1. Calculate one ³J(HN,Hα) per residue across segment 186-196 by plugging θ = phi - 60° into the Karplus curve 6.51 cos²θ - 1.76 cosθ + 1.60, and present them in order as whole Hz with x for glycine and proline.
2. Could you work out the local net charge near Pro63, counting Lys and Arg as +1, Asp and Glu as -1, over the other residues with Cβ closer than 11 Å to its Cβ?
3. Evaluate E = 1/(1 + (r/R0)^6) for Arg70 and Ala99, where r is the Cβ-Cβ distance and R0 equals 30 Å; express this FRET efficiency to the nearest 0.05.
4. With every protein chain kept in the model, how would you rank Arg102, Arg26 by accessible area, 1.4 Å probe, largest at the top?
5. Which ³J(HN,Hα) values, rounded to whole Hz and listed in residue order, are derived for segment 81-90 from phi using the Karplus coefficients 6.51, -1.76 and 1.60 in 6.51 cos²θ - 1.76 cosθ + 1.60 with θ = phi - 60°, glycine and proline given as x?
6. Once the piece of chain linking Leu150 and Ser136 is laid out straight, how much longer is it, given 0.36 nm per residue of separation minus the C-alpha distance between them?
7. In sequence order, what are the phi-derived ³J(HN,Hα) couplings for segment 168-175 according to the Karplus relation 6.51 cos²θ - 1.76 cosθ + 1.60 with θ = phi - 60°, rounded to whole Hz, with x for glycine and proline?
8. Leaving out ligands, DNA and RNA, what percent of the accessible area of segment 14-96 is carbon and sulfur, probe 1.4 Å?
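The values are calculated or read from the model by the stated rules, or taken from the named source; none is laboratory data. The model shown is predicted, which means the values in this text are computed figures rather than measured ones. Virtual Cβ from ideal backbone geometry, glycine too; neighbours counted across all protein chains shown. We work out accessible area using only protein heavy atoms, side chains counted, and drop any ligands, DNA or RNA first. Shrake-Rupley method; radii C 1.70, N 1.55, O 1.52, S 1.80 Å.
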Amino acid sequence: MIDSDDTQQPAPRRNSFLDALKRAERKVFTRSAPKSAKAQIEFLYTRAKRSTKALAEQLGVSPRTVQRYRAGQQTKPQKRLQAALVEETESQWQPQVRAQARERAATTGGMQVEVYAYFGFECTGSSDDGRERFISTAISPAYAAEILHLQEAGATEEDLHPVVAEAITESYFTEWGSRAQGLRADFTHVRSIEIEF
């Protein structure tokens, strides 16, 4: 078990679609997730069916560390544990609220995507050369449902990329088939991506 502060967590990536989906879910919380280490440990302890051992394994610490935080003997986690507490707490916080937001996105609301990336094109006719663009567009519920289903099935960035590219092509470049017939856009070198349900 690692209880030391020797390893630092990398800064959160803003160009990962999977990370953007997590951030989107967390934006729909109706109440703030617990902030203190003790409150986070207590919440996670309850979610782990009151198993110190299970929670310790989940956080990558010793059972004694969990006990010390629960007893208030320790209050300031080292960076690695602090990052694990935040991630685990927020990923388990308000599951019904998150499920309702995902259901709305997949059935009626879709998603709003803002992406800054290099977009290239293939087309039967002519089109602009590829270039960096900032695009903000709505993704239809059908695409949102496919994306969320793939995420739940454990999809990687590479699995999601073609679906997201197709969704952006349809909503932004071809306006749901009303123009630029046969256009296919793809994007690379993603600088940032944000999603809202």
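1. Each residue of segment 186-196 in turn: 9, 10, 9, 6, 5, 8, 7, 8, 10, 9, 10 Hz.
2. Taking every other residue near Pro63 into account, the sum is +3.
3. In this case the efficiency is close to 0.55.
4. Arg26, Arg102
5. 5, 4, 4, 5, 4, 5, 4, 5, 5, 5
6. So the chain would gain 2.8 nm between Leu150 and Ser136.
7. Result, rounded to whole Hz: 5, 4, 5, 7, 9, 7, 9, 6.
8. 48 percent
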